[in-house]
1. From the list B:E309, B:E288, exactly one residue is within 26 Å of the chain's Cα centre (by Cα) and either surrounded by 14 or more Cβ atoms within 10 Å (Cβ to Cβ) or not in a loop (DSSP other than H, G, I, E, B) (or both). Which is it?
2. So which residues in segment B:303-350 are aliphatic (A, V, I, L, M) and touching a Gly at 6+ places or on another chain (Cβ under 6 Å), if there are any at all?
3. Just name the residue that is surrounded by the fewest Cβ atoms within 10 Å (Cβ to Cβ) out of those in segment B:183-225 that are of a type in the set (V, I, T) and assigned to a strand (DSSP E or B).
4. Evaluate the following for B:V53: is it without any contact (Cβ under 8 Å) to a residue 12 or more places away in the chain, over 30 Å from B:D186 (Cα atoms) and either loosely packed, with under 14 Cβ neighbours inside 10 Å or within 14 Å of chain A (Cβ to nearest Cβ) (or both)?
5. Report, ordered by the first and then the second residue, all pairs with beta carbons closer than 7 Å, sequence separation of six or more or different chains, a first member in segment A:138-153 that is within 14 Å of chain B (Cβ to nearest Cβ) and surrounded by fewer than 21 Cβ atoms within 10 Å (Cβ to Cβ), and a second member that is in a helix (DSSP H, G or I) and modelled with pLDDT under 90.
6. Only residues in segment B:337-352 that are over 28 Å from B:P270 (Cβ atoms) count as the first member; pair them with residues that are of a type in the set (V, I, T), Cβ under 9 angstrom, at least 6 apart or cross-chain, and list the lot.
7. Would you pick out the residues in segment A:38-85 that are of a type in the set (F, W, Y) and assigned to a helix (DSSP H, G or I)?
8. If we scan segment A:161-169, do we find a residue that is more than 14 Å from chain B (Cβ to nearest Cβ) and in a loop (DSSP other than H, G, I, E, B)?
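The values are calculated or read from the model by the stated rules, or taken from the named source; none is laboratory data. In this text the structure is predicted, and so the values were computed from the model without any measurement. Don't worry about glycine lacking a Cβ; one is built from the backbone with ideal geometry, like all the others, and counts go over all protein chains shown.
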Amino acid sequence: MQIDWFPLWLSLRVAFISTAMALVAGLWLAYILANREFRGKEVLDAAITLPLVLPPTVLGYYLLVLLAGNSPLGKLWENIFGSPLVFTWKAAVLAALLHALPLLVKSARAALESVDRSLERAARNLGASEWRLFWRVTLPLAHRSILAAVALAFARSLGDFGVTLMVAGNIPGRTQTVAVAIYDAYEAGNTMVARTLVLVISAVALLILTLANRLSPAKT
Amino acid sequence: MISARLRKTYPARPDSASFSLDLEFQATAGVTVLFGPSGSGKTLTLDLIAGFVRPDDGRILLDDDILFDQTARVNLAPQARNCGYVFQNYALFPHMTLRQNLEFAAERRPRLERHRRVNEMLEKFRLVDAAGRRPHEVSGGQRQRCCIARALIGAPKLLLFDEPAQGLDAPLRAEFYEVLRQVRADFKTPTLLVTHSLDECFELGEEMMVVREGRLVQSGTPAAILEQPANVDVARLLGIFNLLPAEIRALDPGRNTSKVQMGEYELDGPYLPGHLKGDRVTVCVRPESLQALERNGKPGANQIPAQLERTVQKPQGMRLEFAGGIAVDLSRNDYDRVRDTKDWVIEFPRESLRVL
């Protein structure tokens, strides 16, 4: 039995990059939602949560409309990078990001909001800028919950199937992630390959979720 | 000196009634105590001054600095207000050592000066041995001293204390009072202290402001407020008076006398300026000013018969609680002399009789 490990490495790469992107954007969005009052806050929160409840086909459709070669964003991408975005591994990163971001924002917001407000007030009262307050007080106190959220987002990114299939396709050796490869192998009757990949991806996910549980602050 | 005019309204919500704060006051050097019941707006006042909450209207002046002025559209950020705040729960950063907590507060100073200042404060507040430990690893007293040192390290123009002795046991409270007296002597920073303990007002306050339902109802020295509460509400807030309904029957400014009818008995008192004959008033008299005696026949002058309901042990003596809501405090010796009495009279000494 010959197993192509490329889908696994691609999935890990896609999950790693999309989680990193989700962490940066998610922390910023979580900070805004946890600390600022503005018109449309609830709409923004709902829009961020939307990918958790919409069917993958709907999300894939949105991404295709937004990023296809004839869309303004697609054209912009092509002008800058010289090649289209859809049906590349980078589109798979976007697909995974769509799932990782809401998980991260939700968990990070809860983590930031769980920090005792009097500590943040104390920091401001002692002259700390909002930036210093975030890095020196809020983040260190919330870091375990945020790391747990990162682990969850990574695990979720690793397993995306529907959206990835629609925007990145199923090109072996180029855009085929492990979830797509399992489906492909099963359809082709390569049950041993499918089973091996299923076991490997389950083990990786189990490992990451165990890590996430360990990172979550102990309940008292 | 701080001079503040503060207005803030919170509309009613499903889980809370509406609340409106409307205060105007000035506080100079020394400790000014904001006294009032829970929910009267004391902590909100501190938060408005510190910049954590924006007033709807008003003006806050700290020496020559305008911290907030609605008309001029000035609203300094909390970072720029230079007010040291000692939080009720201390709010020490739990992931930092005591030294790091102080360093965080001194970070805007040049490095060498910061180091010197932190060491100075650690020594002054007896924290050198605990400097490397985190807040949860040190005693309550050390946490408290660290919080005060941290608030003072930036040389604030005003210190704000939010119920600092709330929930402390007696030795810790005594230690805190001692530290605060030391701070007052060494730093001379004007201080606003929120409390709902009358003992604390007398222990620490040079000036006292009584706040009720978001309004300033009386201000002055604690002794002056205790001597003459502005009205029945203030007397009730102070919680140490017998408040009994009565009617003024006679007033004689020439002889400095008055007669007050309480139930079916008439009491003699000093002249009561600002009142008229026939006024319905409230007699305000402290339990320790009254005498509880054994009745011998008809009650004497300024005596009314009373039915004892129960006795309560107090640290300083005994409290006798009579029907009609009259309490009398006696020393243990005085109580021992009358403890077997069955038939009581309460004597209202003429000079202690005040009405509101």
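1. Step by step, each of B:E309, B:E288 is checked, and only B:E288 is within 26 Å of the chain's Cα centre (by Cα) and either surrounded by 14 or more Cβ atoms within 10 Å (Cβ to Cβ) or not in a loop (DSSP other than H, G, I, E, B) (or both).
2. Residues of segment B:303-350 aliphatic (A, V, I, L, M): B:304, B:306, B:308, B:312, B:318, B:320, B:323, B:326-328, B:330, B:338, B:345-346.
Result: B:L330, single match.
3. B:V217
4. Numbers: without any contact (Cβ under 8 Å) to a residue 12 or more places away in the chain: no; over 30 Å from B:D186 (Cα atoms): yes; either loosely packed, with under 14 Cβ neighbours inside 10 Å or within 14 Å of chain A (Cβ to nearest Cβ) (or both): yes.
When the stated conditions are applied, B:V53 does not pass them.
5. Note: pairs meeting the criteria are A:R144/A:L215.
6. From residues that are over 28 Å from B:P270 (Cβ atoms), the pairs are B:R339/B:T311.
7. Keep residues of segment A:38-85 that are of a type in the set (F, W, Y), which gives A:38, A:61-62, A:77, A:81.
If the condition is that a residue be of a type in the set (F, W, Y) and assigned to a helix (DSSP H, G or I), then A:Y61, A:Y62, A:W77, A:F81 are the ones that fit.
8. yes
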